[in-house]
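The values are calculated or read from the model by the stated rules, or taken from the named source; none is laboratory data. What you see is a predicted model; the values in this text were computed from it and never measured. Every residue, glycine among them, receives a Cβ derived from its backbone with ideal geometry; neighbour counts consider all protein chains shown. The protein model used for the area step is the full one, side chains on, heavy atoms only, and it has no ligands, DNA or RNA in it. Shrake-Rupley method; radii C 1.70, N 1.55, O 1.52, S 1.80 Å.
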Amino acid sequence: MSTERTFSIIKPDATRRNLTGAVTAKLEEAGLRVVASKRIHMTKEQAEGFYAVHKERPFFNDLVTFMISGPVVVQVLEGENAVLKNREVMGATNPENADAGTIRKEFAESIEANSVHGSDSLENANIEIAYFFKPEEIVG
Ligand code: RTP
Ligand code: MG
């Protein structure tokens, strides 16, 4: 077991429905600690850069449009095996396939408007954290 940091986004469908606290409670109940958090409205350029790995995918333009459709909350989460733990509490990308009790099962509206993003590896977590946060904004 090792203490890790991962990166999370509470997506526009969740902020629109005032679920910021409800989503964060799920993360905390899973043993993750919010060590940085800010509410932002991403620019198109920021969202395109963040999702650059998906730029050849058919859903890329829709995803960027969705991610800039309202404010999001970007967070750094800390805990034992934080990357995997966060993926588990998020649930499957498509809420129809998500396990009971997961964030996406309880809150997601669709495969796109699925309430949360979470880093899929420790390497990507470090890249994504650095994309949105300065080191001094993270307080462990
Ligand atoms: P995320 O990156 O947001 O944590 O989600 P993920 O790993 O479970 O899903 P990924 O395959 O990385 O896709 C990124 C986000 O793109 C949207 N998406 N739309 N319309 C579609 O078929 C489709 N597929 C994916 C979702 O918002 C997904 O979370
Ligand atoms: Mg992903």
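Among the residues of the stretch 116-140, the one identified as near ligand 1 (Cβ under 9 Å from one of its atoms) and either among the basic types (Lys, Arg) or in contact with a Phe, Trp or Tyr (Cβ under 6 Å, 6 or more places away or on another chain) (or both) is 119. For the stretch 108-138, filtered to residues that are open to solvent by less than 40 Å² (accessible area, probe 1.4 Å) and either charged (D, E, K, R) or assigned to a helix (DSSP H, G or I) (or both), the residue that is farthest from residue 32 (Cα to Cα) is 132. Just a yes or no: is a residue in the stretch 28-50 closer than 21 Å to residue 91 by Cα and of a type in the set (Asp, Glu)? The answer is yes; a qualifying residue exists. Taking the conditions exactly as written (open to solvent by 50 Å² or more (accessible area, probe 1.4 Å) and at positive phi), does residue 61 satisfy them or not? Answer is no for this residue. Counting only helices (runs of 4 or more DSSP H) wholly contained in the stretch 50-107, the ones carrying 3 or more residues that are more than 11 Å from ligand 1 (Cβ to nearest atom) occupy 82-90, 103-107.
Scanning the stretch 65-97 for residues that are within 14 Å of ligand 2 (Cβ to nearest atom) and open to solvent by less than 10 Å² (accessible area, probe 1.4 Å) gives 67, 86, 90.
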